[in-house]
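Q: Below are the structure tokens for one structure; questions will follow.
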Amino acid sequence: MEFQEVSKHYSEIKALDKITFGLKKGDFVSLVGPSGAGKSTVIKLLIREELPSSGKIIVAGRDIARFNQRTLSLYRRKIGVVFQDYKLLPHKTVYENIAFALEVCDATNDEITERVPKILNLVGLADRAQSYPKELSGGERQRAAIARALIHSPKILIADEPTGNLDPANAKEVIDLLMRINRTGALVLLATHNAQMVNALQRRVIKVERGKIQTDAEKGKYL
Amino acid sequence: MFIHLFRIVKLGFTNFIRNGSLSIAAILMTTLTLLVVTTFMIINYAVKTTANAVQEKIDMKAYFLDNVPEEDIRDLEFKIKSKFDVASVSYISKQDALDRWQTRSINQRTKDLITQENNPLPRTLEIRSADPKVLNEITQIMQSKTYQGKIYRISYPENQTIIEKMSKIANFVELSGLILGIIFAAVSAIVIFNTIRLTIFSRKEEIEIMELVGASGSFVRLPFIVEALLYGILAVFLTIIITFSGLKLVQSAAILNLDFVWLDIKSQIYSNFWQIILAQIFIGIVISIASSWLSVKKYLK
Ligand SMILES: Nc1ncnc2c1ncn2[C@@H]1O[C@H](COP(=O)(O)OP(=O)(O)O)[C@@H](O)[C@H]1O
Ligand SMILES: [Mg+2]
């Protein structure tokens with residue numbers, strides 16, 4: 001997976017300015033930088049929520065901008081995304097939200113009834129399964145979003161500030177979870193501005209600032 | 001595949017329930033359209049059946065003035081019997097006419113107006129034939145000079161005019177039903193189109209989320225079609241209920257005013273029961289699918 005001189009402009013604002021980097025299978029990459037640096041924009045481009053203003057994003061040898069609708073939805077099903085703003089469906093319960101990600105992949109009802117409670121247990125939301133997103137706290141929504149991103153065992157896991165609303169103990173648990181997913185062979189891309197956490201990881205760090213890549217280091221630190 | 005379809009239908013149902021009041025307008029408008037079409041279909045059946053009933057019961061009656069000698073009438077009767085291909089010719093004497101009068105279901109006071117002594121009922125020749133041409137030829141003879149001043153009225157040409165009028169009415173009903181049906185269908189298509197459009201707009205964010213977690217095009221779009229289809233199906237149900245309870249309501253009035261013809265009309269309607277219902281289902285489904293399809297195509301990039 002590669003970004004090739006990718007720029008993204010929102011009218012005057014240059015959210016990303018000719019950034020180039022590659023991600024490999026099995027990587028655990030932290031995308032760091034201050035708020036407004038362009039981290040979320042990278043993610044939006046990666047899942048084609050937005051199209052680049054210039055440059056190309058190549059996944060498995062193909063430009064994702066040229067995916068047709070069918071290919072795009074199949075591509076997105078291989079990715080799990082924890083959105084910064086959660087993007088939970090407001091009219092579905094936590095259970096239904098998570099089940100929906102499986103329904104979309106044409107999972108059987110048996111698979112759904114087996115896996116959803118497990119993942120809810122994993123993120124500690126078993127007792128909130130029947131609540132609607134608006135009845136949840138920020139941290140609970142975040143955990144619901146994480147559960148949805150993980151439910152279909154994605155090959156690529158993208159998490160945009162997944163610990164932003166969690167207390168340190170819970171944040172640690174989420175990071176451990178991401179590490180575990182990564183150990184099963186999935187590519188993990190973690191966008192965050194939490195320096196301590198990233199430093200403790202001792203894995204690759206890409207640092208962006210004002211739409212440009214500042215450093216890209218194996219076993220990097222976020223200074 | 002089956003589970004995929006099942007989930008699409010489920011989503012459609014959920015949307016439908018959530019849409020509440022918005023869907024009611026769409027359902028009512030479609031019901032109205034179906035009612036218009038159904039009403040015209042039924043009126044059309046009624047007119048056509050009545051015309052047929054009149055046509056079948058057609059017999060010709062020639063009424064003779066009282067000063068005509070009976071032999072002349074009997075002569076004519078014999079002539080018709082021998083010359084024309086008729087099913088029957090019968091002579092109704094003044095007494096026969098009076099007897100018939102007495103058996104009619106009218107009130108006694110009216111009955112008593114006509115008595116043996118004071119009997120204005122004319123003598124009549126009743127002629128039956130399956131062939132309207134034959135009846136036309138007989139009419140011409142009766143209208144010739146020979147019978148002028150003897151026959152004061154022939155019923156056949158009058159009946160013919162009624163039948164012609166009725167077939168004109170039937171044509172008119174058919175045409176206006178078609179035009180009105182098309183107008184109403186267009187209006188309800190527009191209402192459904194807009195309902196789906198509003199639904200799509202109010203769910204923009206949800207649709208986006210669904211797409212971001214990998215929902216396929218059909219998974220996002222088809223529930224809207226299913227939702228519209230539910231409008232159509234509910235409208236069909238409502239229409240069927242209204243149609244047949246409406247028929248029950250007019251039943252008693254119809255029996256009083258249309259007499260025997262009503263039974264024909266009724267059996268005609270009920271023997272075309274499935275035709276009516278299939279037309280309703282077809283129109284309801286076509287309107288809802290076509291309009292929602294267009295809306296989805298236009299507003300869901
Ligand atoms: N939809 C948008 N319209 C206009 N500007 C945007 C939009 N999305 C992001 N931006 C701008 O792009 C820049 C990068 O934003 P973002 O990628 O969200 O930063 P980060 O996630 O690192 O905090 C910011 O200056 C932000 O204001
Ligand atoms: Mg962000």
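The values are calculated or read from the model by the stated rules, or taken from the named source; none is laboratory data. Source: prediction; values computed, not measured. Neighbour counts run over all protein chains shown; Cβ positions are idealised from the backbone, glycine included. The area values use the complete protein model at the heavy-atom level, side chains included, leaving out ligands, DNA and RNA. Shrake-Rupley method; radii C 1.70, N 1.55, O 1.52, S 1.80 Å.
Q: Return the FRET efficiency for the residue pair B:Ala25, B:His4: r is the Cβ-Cβ distance, R0 is 30 Å, and the value is rounded to the nearest 0.05.
A: Here the calculated transfer efficiency is 0.45.
Q: Now for a different question. If you count, for each residue, the other Cβ atoms within 10 Å and average over each peptide, how do A:53-66, A:5-18 line up from highest to lowest?
A: Packing proxy ranking, top to bottom: A:5-18, A:53-66.
Q: Using a Förster distance of 41 Å, how high is the FRET efficiency between B:Gln102 and B:Lys168, based on the Cβ-Cβ distance and rounded to 0.05?
A: Using R0 = 41 Å, I get an efficiency of 0.60.
Q: So how far apart, in nm, are the two label points at B:Asp72 and A:Asp110 if each is 7 Å from Cα heading toward Cβ?
A: For B:Asp72 paired with A:Asp110, the spin-label model returns 9.9 nm.
Q: Treating cross-link reach as a plain straight distance, find the aspartates and glutamates whose alpha-carbon is under 13 Å from the alpha-carbon of A:Lys8, omitting any fewer than eight places away in the same chain.
A: The qualifying aspartates and glutamates are A:Asp17, A:Glu49, A:Glu50.
Q: Related question: Take the alpha carbon atoms of region A:1-68, find their center, do the same for region B:1-40, and report the distance between the two centers in whole angstrom.
A: That distance is 42 Å.
Q: Placing +1 on the Cβ of each Lys and Arg and -1 on the Cβ of each Asp and Glu in region A:89-153, which of A:Gly139, A:Ile98, A:Val123 has its Cα farthest towards the positive end of the resulting dipole?
A: A:Gly139
Q: Place +1 on the Cβ of every Lys and Arg and -1 on the Cβ of every Asp and Glu in chain B, take the dipole about the Cα centre, and give the residue among B:Trp101, B:Ala25, B:Ser218 whose Cα lies farthest towards its positive end.
A: Value: B:Ser218.
Q: For chain B, what does the helix formula give at 222 nm: sum of -39500 (n - 2.57) over DSSP H segments with n ≥ 4, over the residue count, nearest 500 deg cm²/dmol?
A: -27000 deg cm²/dmol
Q: Give me P(r) over chain A, computed from all C-alpha to C-alpha distances, binned every 5 Å, as integer percentages.
A: The percentages, shortest bin first, are 1, 7, 15, 19, 20, 17, 12, 7, 2, 0, 0.
Q: Looking only at other chains, what is the average number of their beta-carbon atoms within 10 angstrom of each beta-carbon in B:203-213?
A: Per residue, the number of nearby Cβ atoms from other chains is 6 on average.
Q: Here is a further query. Compute the projected area of the convex hull of the Cα atoms of chain B, averaged over all viewing directions, and report it in nm² to one decimal place.
A: Projected over every direction and averaged, the Cα hull of chain B covers 22.7 nm².
Q: Binning at 10 Å from 0, report for the protein assembly as shown what percent of all alpha-carbon pair distances ends up in each bin.
A: In order of increasing distance, the bins hold 3, 14, 17, 14, 10, 8, 7, 7, 6, 6, 5, 3, 1, 0 percent.
Q: Related question: Could you work out how far the C-alpha centroid of region B:116-132 sits from that of region B:213-230, in angstrom?
A: If you average the Cα positions of each part, the centres end up 72 Å apart.
Q: Per residue of region B:233-242, what does 6.51 cos²θ - 1.76 cosθ + 1.60 with θ = phi - 60° give for ³J(HN,Hα)? Whole Hz please, x for Gly and Pro, Karplus curve as stated.
A: 5, 4, 4, 4, 4, 4, 5, 4, 4, 5
Q: Could you work out the helix-only [θ] at 222 nm for chain A, with each DSSP H run of four or more residues adding -39,500 (n - 2.57) and the total divided by the number of residues, to the nearest 500 deg cm²/dmol?
A: So the calculated ellipticity at 222 nm is -10500 deg cm²/dmol.
Q: Angle between the Cα long axis of helix A:109-122 and the longest principal axis of chain A, 0 to 90 degrees, nearest 10?
A: The two axes meet at around 70 degrees.
Q: Sort A:Thr20, B:Thr243 from largest to smallest accessible area, using a 1.4 Å probe on the heavy atoms of the protein chains.
A: Heavy-atom accessible area, descending, gives A:Thr20, B:Thr243.
Q: Distance in nm between label sites at B:Arg109 and B:Lys298, each 7 Å beyond Cα in the beta-carbon direction?
A: 6.7 nm
Q: Over 15 Å apart: what share of the alpha carbon pairs of region A:41-83 falls there, rounded to a whole percent?
A: Value for region A:41-83: 36 percent of Cα pairs lie more than 15 Å apart.
Q: Can you give the mean number of other chain Cβ atoms that lie within 10 Å of the Cβ atoms in peptide A:100-111?
A: Average neighbour count from other chains, rounded to a whole number: 4.
Q: Could you give each residue of region A:92-103 its phi-based ³J(HN,Hα) in whole Hz, using Karplus coefficients 6.51, -1.76, 1.60 with θ = phi - 60°, and x for Gly or Pro?
A: 10, 6, 3, 4, 5, 4, 6, 4, 4, 4, 7, 4
Q: Let me ask something else. Among the listed pairs B:Lys133/B:Lys168; A:Lys25/A:Lys221; B:Lys48/B:Lys248; A:Lys118/B:Lys301; A:Lys155/A:Lys219; B:Lys48/B:Lys81, give every one whose C-alpha distance is greater than 27 Å.
A: Too far apart for the 27 Å limit: A:Lys118/B:Lys301; B:Lys48/B:Lys81.
Q: Could I ask something else about it? For peptide A:36-49, how many partner chain Cβ atoms fall within 10 Å of a residue's Cβ, on average?
A: 1
Q: Considering only B:Tyr231, B:Thr115, B:Gln251, whose Cα is most displaced toward the positive end of the charge dipole of chain B, charges sitting on Cβ of Lys, Arg (+1) and Asp, Glu (-1)?
A: B:Tyr231
Q: Using the C-alpha atoms of region A:89-153, what convex hull volume per residue, in cubic angstrom, is computed?
A: Taking the convex hull of the Cα positions in region A:89-153, it is 72 Å³ per residue.
Q: A further question follows. Per residue of region B:156-161, in order, report the coupling 6.51 cos²θ - 1.76 cosθ + 1.60 (Karplus, θ = phi - 60°) as ³J(HN,Hα) in whole Hz, putting x for Gly and Pro.
A: 4, x, 4, 4, 4, 4
Q: Moving on to the next point. Nothing charged except the Cβ atoms of Lys and Arg (+1) and of Asp and Glu (-1): what's the magnitude of the dipole of chain B about its Cα centre? Round to the nearest 20 debye.
A: The calculation lands at about 980 debye.
Q: With +1 on each Lys and Arg Cβ and -1 on each Asp and Glu Cβ, and nothing else charged, work out how big the dipole of the protein assembly as shown is about its Cα centre, in Debye to the nearest 20.
A: Dipole size: approximately 2140 debye.
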